[in-house]
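Notes to accompany the following structure.
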Amino acid sequence: MVIRRSLFAFGLAVLLVAPLSALGRADSLPGPVYHAYSFEQLSNSRHSVHTGFDDSLPQQVMANVLWAMSRAPRAGSEYREFYVATPDNVYRYDPSSFRLTVHRAGDFRYNSGSAFEVGVAAGRPEAAGMAIQAGLLAGAAFRDEGPGTMDDGRRVVSCPMQWAADHADGDWKPNHPIQMVDVFGRAASEPLDTLCAARSSDSSLPLPHVVGPDTFEAVVAGLRQDSSFSPVGLSIENVSQLCWAAYGVTPHLTYNRRQGVTVPTAAANYYLTGKIYVVDEDGVERYHNRLPPGTDLATRDHRLERMAAGDRRPQLREASSRIPGSAPAYFVVCVPDTAADQVMMEAGFAGFQLLAQARALGLSGFLVVPLDRSERRAIAVALSLPTGHVPALVFACGEAAAGTAASATDSGVVRIVRAQPAIRNGQLRLEYLLSRAGEVRVEVFDMLGRPVRLLLDEQQSSGYHAATWDGTGESGVRLKRGTYLVVVVSGGTVAKHKVTLG
Ligand SMILES: Cc1cc2nc3c(=O)[nH]c(=O)nc-3n(C[C@H](O)[C@H](O)[C@H](O)COP(=O)(O)O)c2cc1C
């Protein structure tokens, strides 16, 4: 057994250090390696590096990037092809066998410093966008410890480049037009960022979590679409998380000093600003990642603006027969101009982020993309969208109908993720993560184990939730000072938090 394990370790080490130049005329890439970083952490830390990288990356980086790209949804694309340019050749990638075959012999990279460049030829720019977003996060997972070690502390960096796509479209001689090229290399780069830049100026959304429950690769491996949902609504914590993943601000600044977000955007234009809507039983709300009025790209925010009160889901569902009828919530990603590929690609970035975030939370999701002209018009009317907000995709989200999807994180059902240690005048806010939907009971006990206050007892979806406690007992009278235990019970597991009442 010991010998076998060390042989495996040796094999893995060989794959990780195998240089790109070792590729032959037709070669199979290894399967993906899994890193320790969550989808949320990579989304929070991603940024484009435009220049200054070198071409020495192990084959494994390319293997992970192409694997992740090929797992992204196809967005109704009639074709989707992946090309890779290295210093030696341009290859075509076959996702079913992980196989690279020489497509054009010779060095046709756009950027002579890049290690490899991946071109996506897709019938729809939204499809290219989904794949590009998956690939750039997959590359960012290669840090300086664990599998995929970059031995000099320099890391994998990348940048989607229109210039490279224009070049590839001619010089790589693709079978179909290449929509976008992601350029990968190695450069000095910041460590992963666990700072959350997204704070709500009006408390309409709780803080999102920038470190999540599952590794990026596990989320990608589990990506799937489900179109039947249970009626349990999304918690505000889950809505916050999904909005942030789609288009929330991150700590980095762009080359022109704008506040970065979870997805790239051509020339830092941020075409989706103020154009993502949440539709649930309460009404229609618009997501803002900038301070009011919501247009200054140097600012940051994380808030919802109520656009219409009352349930518009029936009208939305009627706007397209492809929109799943049972979802408790829908995210509608709009663009200013459906004719511009770069803009539609950005909708694809957000679409991938929504699906991956739902998966990381153990929720189900279904992307309706692309939308045709009549669907766009009908959705805009159903939601009374302002002029210039044209629907590009609809993401239906909720808890899977019983038995249709397993949770992304099956071990441990409940975990407390954020809570203050003490309360004086205000109230305790205790956030927890459920890896499976189920009955949840949150109760406060004194240190003798006597129950003093039941905070909630209800059916909840998987993902993030919160309970609050103002320090009062069942009678509504504030309890005496001291230490109390807040206990969250779900699915036979228990999580406890000690809090001092001052
Ligand atoms: C569709 C698209 C095309 C882009 N084209 C280029 C390009 O040709 N050259 C370049 O240096 N960066 C390019 N970028 C990267 C953007 O400049 C970058 O995403 C933007 O400044 C935001 O910075 P961030 O990605 O670090 O958040 C492109 C990005 C997108 C989404």
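The values are calculated or read from the model by the stated rules, or taken from the named source; none is laboratory data. Computed from a predicted model, the values in this text were never measured in an experiment. Heads up, the Cβs are rebuilt from the backbone with ideal geometry, glycines too, and the neighbour counts pull from every protein chain shown. Calculation scope for accessible area: heavy atoms of the full protein, side chains included, ligands and nucleic acids excluded. Shrake-Rupley method; radii C 1.70, N 1.55, O 1.52, S 1.80 Å.
A few remarks follow.
- Carbon plus sulfur fraction of accessible area for the chain, probe 1.4 Å, in percent: 51
- Rh by Kirkwood over Cα pairs, then Stokes-Einstein D for the chain at 1.567 mPa s and 4 °C, µm²/s: 55
- Protein-only accessible surface at a 1.4 angstrom probe places the residues Arg429, Arg376 in the order Arg429, Arg376, largest first.
- Accessible area expressed per residue, the chain, with surrounding protein chains retained (probe 1.4 Å, Å²): 39
- Placing unit charges on the Cβ atoms only, positive for Lys and Arg and negative for Asp and Glu, gives the range 289-397 a dipole magnitude near 280 debye about its Cα centre.
- Shape class for the range 133-286: prolate, because the ratio a/c of the largest to smallest gyration tensor axis (alpha-carbon atoms, square roots of eigenvalues) is 1.5 or more and a/b beats b/c.
- If you model the range 365-502 as an ellipsoid using its alpha carbon gyration tensor, with each semi-axis the square root of five times an eigenvalue, the axes come out at 41, 20, 11 Å, biggest first.
- Ordering of 263-274, 338-349, 480-491, 132-143 by packing [mean C-beta count within 10 Å, highest first]: 132-143, 338-349, 263-274, 480-491
- With the cut-off at under 20 Å, measuring from each backbone N in the range 182-210 to a point 7 Å along the Cα-to-Cβ line of Ile236 picks out 197-210.
- Amide H contacts of Ser227 (H built 1.01 Å from N, under 5 Å, at least 5 apart or other chain): none
- Given +1 at the Cβ of Lys and Arg, -1 at the Cβ of Asp and Glu and no other charges, the dipole of the chain around its Cα centre is 840 debye to the nearest 20.
- ³J(HN,Hα) computed for each position of the range 181-191 - Karplus, 6.51 cos²θ - 1.76 cosθ + 1.60, integer Hz, glycine/proline x: 10, 9, 9, 10, x, 10, 7, 5, 8, 5, x
- The chain, helix-only ellipticity at 222 nm - DSSP H runs n ≥ 4, -39,500 (n - 2.57), divided by all residues, nearest 500: -7500 deg cm²/dmol
- Nearest-ten-degree value, helix 59-71 long axis tilted from longest Cα axis of the chain: 60
- Once the Cα atoms are used to define both axes, helix 236-247 deviates from the longest principal axis of the chain by about 20 degrees.
- Helix 2-17 and the longest principal axis of the C-alpha atoms of the chain enclose an angle of approximately 60°.
- Rounded to the nearest 20 debye, dipole of the range 216-398 from Cβ charges on Lys, Arg, Asp, Glu: 220
- Theoretical gain in end-to-end length, Thr101 to Ser326 [0.36 nm per residue, Cα-Cα removed]: 76.6 nm
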